[in-house]
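Following: one structure in structure tokens, then a few remarks.
Computed from the coordinates by the stated procedures, all read-outs in this text should not be read as laboratory data. Computed from a prediction, not measured in an experiment: that's the story for all the values here. Reconstructed Cβ throughout: ideal geometry from the backbone, glycine too, with neighbour counts over all protein chains shown.
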Amino acid sequence: MVDLSIALGNKLSLSNPILTASGTFGYGDEISDIVDIGLYGGIVTKSLTLKPRKGNPPPRVVETPCGMINSIGLANIGVDSFLEGKSEFLRNYTGKVFVNIAGRTDLEYCEILKRLTEENWIDGFEINVSCPNVSEGGIEFGTDPKILRKLVLKLRDLTDKFLMIKLSPNVTDIRILAETLQEFGADAVSMINTVYGSAVDINTRKPLINSVIGGLSGPAIKPIAIANIIKAYQVIDIPIIGVGGISSGKDVIEFMLAGASAVQLGTVHFYNPLVINEILQFLKEYCLQNNILSIGDIIGKAEV
Ligand code: RRO
């Protein structure tokens, strides 16, 4: 028997360390007839804003070597429709529910959190301060430690629920931001959001993505995620949730050795939606073969 459960600090635990990454799984219901979402430790919703958003004009997704670039532009149904239309489904979900929140201002982040924090079926929040694709309310919250501190303090005041903040790799030193989050009360840090990327059609000479620059995800960014996790693990004690190009059980082990307590699967869902089955099988076999009783024992054990 292998124990795949993971405690994320003292506020909550997961039945296994695998979550869905925001933006790749909608609100869980859309995909539930294809994937057994109960197999995940939890799901992270698409970012929610106060009002619904249509997002950026197409083309807003393009395939690249070992990855994809997106510029969705925070398309989402908005907090009211989320509460009306998705709560019944998510209330009956057996894993943990993390709602990802994005705002244009501190006030907007706070307003959304206030509306959601009383809902007993929501286990925690992922605060998106790292969207590369919007002109307001994206990455600027997550690149300046002073702005980040102000936001986290306000959000911490409003909820006792699990509060994780998703950081961008598009910064000089992620350690300073991770330390800021720990100091000002975050329960966890998720990293990394997508990496700035672009692509140009050599015949039309036009960018392959309408907004020209988008966010690169998929296996191409895995080494970037691992490097950032190794750096952050050296300076913080709160759990790190690893995300960025994970496509196999082997990748999950690598992220956990680097310092991640849990991980999120994103882009892999677009080409292998049933990957969770393979990953859980691999994790159990890896633990058995290496005499690991509890998978949590490997967190941060890379000899770096
Ligand atoms: O919606 C998006 O364009 C988007 C978001 Br909110 C994000 O956080 N990361 C990303 O790559 N795309």
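Is segment 82-97 home to any residue that is touching a Lys or Arg at 6+ places or on another chain (Cβ under 6 Å), buried (at least 20 other Cβ atoms within 10 Å of the Cβ), touching a residue at least 12 places away in the same chain (Cβ under 8 Å) and not in a helix (DSSP H, G or I)? No, segment 82-97 contains no residue that is touching a Lys or Arg at 6+ places or on another chain (Cβ under 6 Å), buried (at least 20 other Cβ atoms within 10 Å of the Cβ), touching a residue at least 12 places away in the same chain (Cβ under 8 Å) and not in a helix (DSSP H, G or I). The requirement of being out of contact with any Ser or Thr (no Cβ under 9 Å at 6 or more places or on another chain) and among the polar types (S, T, N, Q) is satisfied by Asn10. Do we find that Val62 is under 20 Å from Asn120 (Cβ atoms) and among the aliphatic types (A, V, I, L, M) in this structure? No: the conditions fail for Val62.
The criterion of being more than 24 Å from Ala186 (Cβ to Cβ), crowded, with 17+ Cβ neighbours inside 10 Å and of a type outside the set (A, V, I, L, M, F, W, C) does not hold for Gly245. State whether the residues of segment 265-283 include one that is closer than 22 Å to Leu163 by Cβ and surrounded by 17 or more Cβ atoms within 10 Å (Cβ to Cβ). Yes, because at least one residue in segment 265-283 is closer than 22 Å to Leu163 by Cβ and surrounded by 17 or more Cβ atoms within 10 Å (Cβ to Cβ).
Here is a yes/no grid of residues against (1) touching a Gly at 6+ places or on another chain (Cβ under 7 Å); (2) touching a residue at least 12 places away in the same chain (Cβ under 8 Å); (3) assigned to a strand (DSSP E or B):
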| position | (1), (2), (3) |
| --- | --- |
| Asn10 | no, no, no |
| Ser13 | no, no, yes |
| Ser22 | no, yes, no |
| Tyr27 | no, yes, no |
| Glu30 | no, no, no |
| Asp33 | no, no, no |
| Gly38 | yes, yes, no |
| Ile43 | yes, yes, yes |
| Lys46 | yes, yes, no |
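Count of segment 32-59 residues, restricted to those that are under 23 Å from Lys222 (Cβ atoms) and either more than 20 Å from the chain's Cα centre (by Cα) or of a type outside the set (S, T, N, Q) (or both), is 8.
When you scan segment 153-168, how many residues do you find that are away from the ligand (no atom under 16 Å from the Cβ) and either in a strand (DSSP E or B) or acidic (Asp, Glu) (or both)? Looking only at that region, the number is 4. If we scan segment 198-210, do we find a residue that is in a strand (DSSP E or B), surrounded by 21 or more Cβ atoms within 10 Å (Cβ to Cβ) and in contact (Cβ under 8 Å) with a residue 24 or more places away in the chain? No, because not a single residue in segment 198-210 is in a strand (DSSP E or B), surrounded by 21 or more Cβ atoms within 10 Å (Cβ to Cβ) and in contact (Cβ under 8 Å) with a residue 24 or more places away in the chain.
Conditions tested, residue by residue: (1) under 26 Å from Leu12 (Cβ atoms); (2) within 16 Å of the ligand (Cβ to nearest atom); (3) in contact with a helix residue (DSSP H, G or I) (Cβ under 8 Å, 6 or more places away or on another chain); (4) not charged (D, E, K, R).
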position: Gly73; (1), (2), (3), (4): no, yes, no, yes
position: Asp80; (1), (2), (3), (4): no, no, no, no
position: Lys96; (1), (2), (3), (4): yes, no, no, no
position: Asp106; (1), (2), (3), (4): yes, no, yes, no
position: Glu118; (1), (2), (3), (4): yes, no, no, no
position: Glu126; (1), (2), (3), (4): yes, yes, no, no
position: Gly142; (1), (2), (3), (4): yes, yes, yes, yes
position: Leu151; (1), (2), (3), (4): yes, yes, yes, yes
position: Asn170; (1), (2), (3), (4): no, yes, yes, yes
